[in-house]
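Participant: What follows is a structure written as structure tokens; I'll ask about it next.
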Amino acid sequence: MEFRYMKYFVAVAKAKHFTRAAEQLGIAQPPLSQQIKKLEDELGVTLFKRLPRGVELTAAGEVFYHDAQHILEEVERCQRKLEQIARGEKQELRIGFASSTASSRSVLENIRQLHEQCPTLHLIAVEHSMPELVTLLKQQRLELAFLRLPCYASESLNHQILFDDPFVAVMPINHRLAAHSTLYLAQLHNENVLMFPRDTGPALYDRIEAALHHAGVHIAQPYAAPQLRTAITMAQAGFGIAIVPLSLTEHLDQSVVIQHLNDMPFVSQVALVWNSRHHHPLINSSIQCMRSPKQ
């Protein structure tokens, strides 16, 4: 498929008229109609319904229009990047953060290292659930993302492990288990355990649920917090015990007790994740800048 066919198609779809689209493109109307017919023949579908006073998209045309617009926007963005590089201008990098990684000292240290190495870099940061971040990476709408593994959705993407992040139990200081020097999963039996919604991190949720089930733990009152950080807030308020990664407890005060879970069968891992098919000029150099901080 020739790239100009796609541009011609989008122009006609926006103008809803061949003659007006031809005027905007600076070409004659008959050749434009011929090019669109060639595109339809190549795709094996009819893209436009020909009407007495213009055209409208068919169902197939609607689908192709959405994808064609996205492709053209990405090509235009790539051209702007190359022009910026040629002019030596500030470059742009889009980085995503899973909510459970955004406040980690180690993650912040990696961002600081990147800024020191590339002080003119224009960083655009977004925060989403892990499945949403993976979708953005696959669509090449993000260059990099800090995710928490395991993550089902990211298994086809490249990653660099930054650090292991074991799970701990966070509970109010007056909780009956707070005086224990260590904690085992079985001691959570019949306790109020605070969990995050499965759709924010399906693999993590499944692993925690499986560990509790294997330990014979029955949760007396399960509470669903919107995010792991919110589970900690609810634990501070006395709603129960939150099971969260250790890095999320770095800024807590003395209103809670943090207990290591001795028999938790796995740890989470914070990783830098990227799409190897995304050929952004700054991805590889940014990965090199962000190494695992010294333990």
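The values are calculated or read from the model by the stated rules, or taken from the named source; none is laboratory data. All figures in this text were calculated on a predicted structure; none of them were measured in a lab. Cβ placement follows ideal geometry from the backbone for every residue including glycine, while neighbour counts extend to all protein chains displayed. The area values use the complete protein model at the heavy-atom level, side chains included, leaving out ligands, DNA and RNA. Shrake-Rupley method; radii C 1.70, N 1.55, O 1.52, S 1.80 Å.
Participant: Among the residues of segment 9-19, is there at least one that is under 30 Å from E143 (Cα atoms), open to solvent by less than 30 Å² (accessible area, probe 1.4 Å), touching a helix residue (DSSP H, G or I) at 6+ places or on another chain (Cβ under 7 Å) and of a type outside the set (A, V, I, L, M)?
Facilitator: Looking for residues that are under 30 Å from E143 (Cα atoms), open to solvent by less than 30 Å² (accessible area, probe 1.4 Å), touching a helix residue (DSSP H, G or I) at 6+ places or on another chain (Cβ under 7 Å) and of a type outside the set (A, V, I, L, M), one finds at least one in segment 9-19, hence yes.
Participant: Go through the residues of segment 175-185 one by one and say whether even a single one is surrounded by 13 or more Cβ atoms within 10 Å (Cβ to Cβ), of a type in the set (S, T, Y) and not in a loop (DSSP other than H, G, I, E, B).
Facilitator: Among the residues of segment 175-185, not one is surrounded by 13 or more Cβ atoms within 10 Å (Cβ to Cβ), of a type in the set (S, T, Y) and not in a loop (DSSP other than H, G, I, E, B), which makes the answer no.
Participant: Testing M195 on (1) farther than 26 Å from E143 by Cα; (2) modelled with pLDDT of 90 or more; (3) open to solvent by less than 20 Å² (accessible area, probe 1.4 Å), one condition comes back false. Which one is that?
Facilitator: It fails just one condition, (2).
Participant: Filter segment 234-254 for residues that are under 28 Å from the mean Cα position of the chain (by Cα) and of a type outside the set (A, V, I, L, M, F, W, C); which is nearest to M264 (Cα to Cα)?
Facilitator: So the residue we want is P245.
Participant: I would also like to ask the following. Do we have any residue at all in segment 128-141 that's of a type in the set (G, A, S) and open to solvent by 40 Å² or more (accessible area, probe 1.4 Å)?
Facilitator: To start, the set of residues in segment 128-141 that are of a type in the set (G, A, S) comprises 129.
In the following step, the residues that additionally are open to solvent by 40 Å² or more (accessible area, probe 1.4 Å) were identified as none.
The answer is no; no qualifying residue exists.
Participant: Within the bounds of segment 41-55, is there any residue that is in a helix (DSSP H, G or I), crowded, with 16+ Cβ neighbours inside 10 Å and at pLDDT 90 or above?
Facilitator: Within segment 41-55 (the criterion being in a helix (DSSP H, G or I), crowded, with 16+ Cβ neighbours inside 10 Å and at pLDDT 90 or above), the answer is no, since none of the residues qualifies.
Participant: Could you go through segment 231-245 and let me know if any residue there is under 23 Å from L149 (Cβ atoms) and surrounded by fewer than 19 Cβ atoms within 10 Å (Cβ to Cβ).
Facilitator: Within segment 231-245, none of the residues are under 23 Å from L149 (Cβ atoms) and surrounded by fewer than 19 Cβ atoms within 10 Å (Cβ to Cβ).
Participant: Taking segment 197-230 on its own, how many of its residues are more than 21 Å from the chain's Cα centre (by Cα) and among the aliphatic types (A, V, I, L, M)? Before you say what the answer is, go through the steps one by one.
Facilitator: First, the residues of segment 197-230 that are more than 21 Å from the chain's Cα centre (by Cα): 208-224.
Now restrict to residues that are among the aliphatic types (A, V, I, L, M): 208, 210-212, 215, 217, 219-220, 224.
Residues flagged as more than 21 Å from the chain's Cα centre (by Cα) and among the aliphatic types (A, V, I, L, M) within segment 197-230 amount to 9.
Participant: Under 9 Å between Cβ atoms, at least 6 apart or on separate chains: pull out the pairs that start in segment 15-38 with a residue that is farther than 17 Å from Y65 by Cβ and of a type in the set (D, E) and end on any residue that is open to solvent by 60 Å² or more (accessible area, probe 1.4 Å) and not in a loop (DSSP other than H, G, I, E, B).
Facilitator: Every condition considered, the pairs that remain are E23/Q29.
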